1. Distance from a point 7 Å along Cα→Cβ of GLU176 to each backbone N in region 469-488: keep the residues under 18 Å and list them by number.
2. Compute the FRET efficiency between ASP208 and GLU299 as 1/(1 + (r/R0)^6), taking r as their Cβ-Cβ distance and R0 = 22 Å, and round to the nearest 0.05.
3. Give a residue-ordered list of calculated ³J(HN,Hα) values for region 249-264 (Karplus: 6.51 cos²θ - 1.76 cosθ + 1.60, θ = phi - 60°; whole Hz; x for Gly, Pro).
4. How much length would be gained if the chain were fully extended between ARG348 and ARG90, taking 0.36 nm per residue of separation minus their Cα-Cα distance, in nm to one decimal?
5. What distance in nm separates the two pseudo spin-label positions at GLN260 and ASN458, each 7 Å out from Cα along the beta-carbon direction?
6. Full extension from GLU157 to PHE308: what is 0.36 nm times the residue separation minus their Cα-Cα distance, to one decimal in nm?
7. For LEU469, which sequence-distant residues (separation of 5 or more, or a different chain) have an amide H within less than 5 Å of its own amide H, given hydrogens modelled in the peptide plane?
8. Could you go through region 497-505 in sequence order and give the Karplus-derived ³J(HN,Hα) for each residue, using 6.51 cos²θ - 1.76 cosθ + 1.60 with θ = phi - 60°, rounded to whole Hz, and x for Gly and Pro?
Amino acid sequence: MKTKNLKKKKASAQNTQKGSKKRFSIERDPFFDEDNDLKRRKRFGDDEDIESSDDSEDIYGSDDEGVDRNGGKEEKEEEEEETAAEKRKRLAEAFLHSVRESKRKEEEERESGDEYDREEREAMRDSWMVDMLQKEQMEDSGRSRRAIASRIQKPTEGFHLLVKHRQSVTAVTLSEDDLKGFSSSKDGTIVSWDVDSGKTEKYAWPTDEALKSHGAKEPQGRATKHSKHVLALAVSSDGRYLASGGLDRHVHLWDVRTRQHIKAFPGHKGPVSCLTFRQGSSELFSGSFDRSIKIWNVEDRAYVNTLFGHQSEVLTIDSLRKERVLTVGRDRTMHLWKVPEESQLIFRAPATSLECCCFINNDEFLSGSDDGSIEHWNVTRKKPVHIVKNAHASLQSVGIEQGNGALSNGHMENGTLNPQCHSSSALSWVSALTVCRNSDLAASGAGNGSVRLWTIENESKGIRPLFELPVAGFINSLVFSKSGQFLVAGVGQEPRLGRWGRIADVRNGVFVHPLKHS
């Protein structure tokens, strides 16, 4: 009896194997069956990290959820969008709550009052908060301009040295909160420093092998190794990323918190001469001697697009919150790029070469030229609406009032300037421009030992001189604090983009000048 049962089991097993061989295919293989795969994952647990495609992530999204091939991905994306929206809502509510609380505490310190007074104060507090947010929004969008220049008091002190560099400083920039600054020099040094104390922290360049692993390509042309010569810096609005560019034709990305090198973006065929982040975003714009402007997304570590139009080297670049980029090239033109439309407006300099530029707002901007003039432009016109000639000539010629930073016999902060050493026209080149964000205050610098403040008025009056702040050396970079409380200058013995001039007895470094408001 037992023998017959064993024969029957063997026969049935053989029939099953034969049948499975006849019906076998990849489509019917249980290994590729979704339900079985899900059961196997449940059986083995979640101890392993398995890389998978988006579809498989939808399938294995949760042990408690059913498998939905058609709608699972859409539901997940919808859930992510809701989560992001909830996060934005939570942050906005927290900000509003903090503003209300600070205002409430101020009022409680002044008076207690009865219930009716408290309700009235709460209504006034909400109205005040709405007005404040509307004002900030208008200033951020460029529709409102803060009146700062008229409140700047006559300077009673000069620039003071905050950070020393071995070679000429090529770029300075400030974080969004004005607490930390960054500077670079021709010897490849990148330094972060505390604005109040001047305490410095140096960025260490990785080895060539590490650079290659971060995306850097082999040196091209005459270069035999990666040059550390830095020409430009930019810091993101959220304070997470610092970008640098220079003679090695790469855009380098650094982590501000750890000061570690993150990524090297290749692609430019010439030195990277200028950088800027679009405010409030992760978009980075780079200009190069190869006549192009490239767009990068630092969050995704990705190349986005290239803008062509300049016929010579791109020297300076600037951007605001709107998707517009302003560039100046040695081809005597300034281009306003409308990035989403991939279009550009070209502004030609009146018989001179432009050196630098900066936005006033989305529709107005300034440019500086190698003949010493400053031009005030409007997007609706092809010609400057106002020109200040010889902007860095003698004080009397432009009506600038001098502060107490200069002493007799030509001696001034940072050394002695002997104008006979170089051509006076070359030293009066406007090499740097900056505007205090959303305000009527501007500053310009040249190589003749002066930084000059300007008041930006309406189109009919243009810009008006305000004060001169003497400091010897080539002014290679300028930046205002967001509050307008101080001005930072990057100074060097040599100009930023060349070595055609040298003032040997000045110090290379970052100089700061406080600005007192009435």
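The values are calculated or read from the model by the stated rules, or taken from the named source; none is laboratory data. All of these numbers come straight from a predicted model, not from anything done at the bench. Ideal geometry is used to build each Cβ from the backbone, glycine not excepted, and the neighbour counts take in all protein chains shown. To get the accessible areas, we keep the full protein, side chains included, count just its heavy atoms, and leave off ligands, DNA and RNA. Shrake-Rupley method; radii C 1.70, N 1.55, O 1.52, S 1.80 Å.
1. Output list for this probe position: 480-484.
2. 0.25
3. Once rounded to whole Hz, the list reads 6, 10, 9, 9, 10, 10, 8, 5, 5, 9, 6, 9, 6, 9, 8, 10.
4. That works out to 88.1 nm of additional length.
5. 5.6
6. 49.8 nm is the gain from fully extending GLU157 to PHE308.
7. Correct list: VAL451, ARG452, LEU453.
8. Karplus values, whole Hz, x for Gly and Pro: 9, x, 10, 6, x, 8, 10, 6, 9.
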